[in-house]
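Everything on this sheet refers to the single structure shown next.
All of the numbers you see were taken from the coordinates with simple rules; none came from a lab. In this text, all values refer to a predicted model and were calculated from it rather than measured experimentally. Counting neighbours? That spans all protein chains shown, and the Cβs are built from the backbone with ideal geometry, glycine included.
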Amino acid sequence: MDEALEVVDIVADSGFEGIVTWVLRLVGLVVLIAGLGMWLFTDAGLLVVPALLILGGLVLLATPSVLLLLAEFV
């Protein structure tokens, strides 16, 4: 966890936190849509992969804000 906060601190110091945040959110949105698409539009009996994609997309959507908030307090 310390390494992740150190990387976020370096990004925040360089002034690219807005760009990195929106790129991660965009990737999270694409992963979320891919998971929903696999779940809704395929005839798959195994729903583990779409569920992991949906969960991963939600994590990528929320993580940048949380990490930047933690980096400001530390």
Seminar exercise, completed: For the chain, the longest principal axis of the Cα atoms and the Cα long axis of helix 17-41 enclose an angle in degrees, to the nearest 10, of 10 degrees
Problem set entry | Test item: Cα-centred dipole of the chain, Lys/Arg +1 and Asp/Glu -1 on Cβ, debye | 440 debye
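Could you work out [θ]222 nm for the chain from helices alone, using -39500 (n - 2.57) per DSSP H run of at least four and dividing by all its residues? Round to the nearest 500 deg cm²/dmol. Working shown, then result.
Values: 3 runs with 64 residues, N = 74.
The helix-only estimate for the chain comes to -30000 deg cm²/dmol at 222 nm.
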Seminar exercise, completed: Given Cβ charges of +1 for Lys and Arg and -1 for Asp and Glu, the option among 63, 35, 21 whose Cα lies farthest towards the positive end of the dipole of the chain is 35
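To the nearest whole percent, what portion of all C-alpha pairs in the chain is separated by more than 21 angstrom?
Details: 1017 of 2701 pairs.
For the chain, the share of Cα pairs beyond 21 Å comes to 38 percent.
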Problem set entry | FRET efficiency estimate (nearest 0.05) - Cβ-Cβ, residue 49 to residue 3, R0 30 angstrom | 0.60
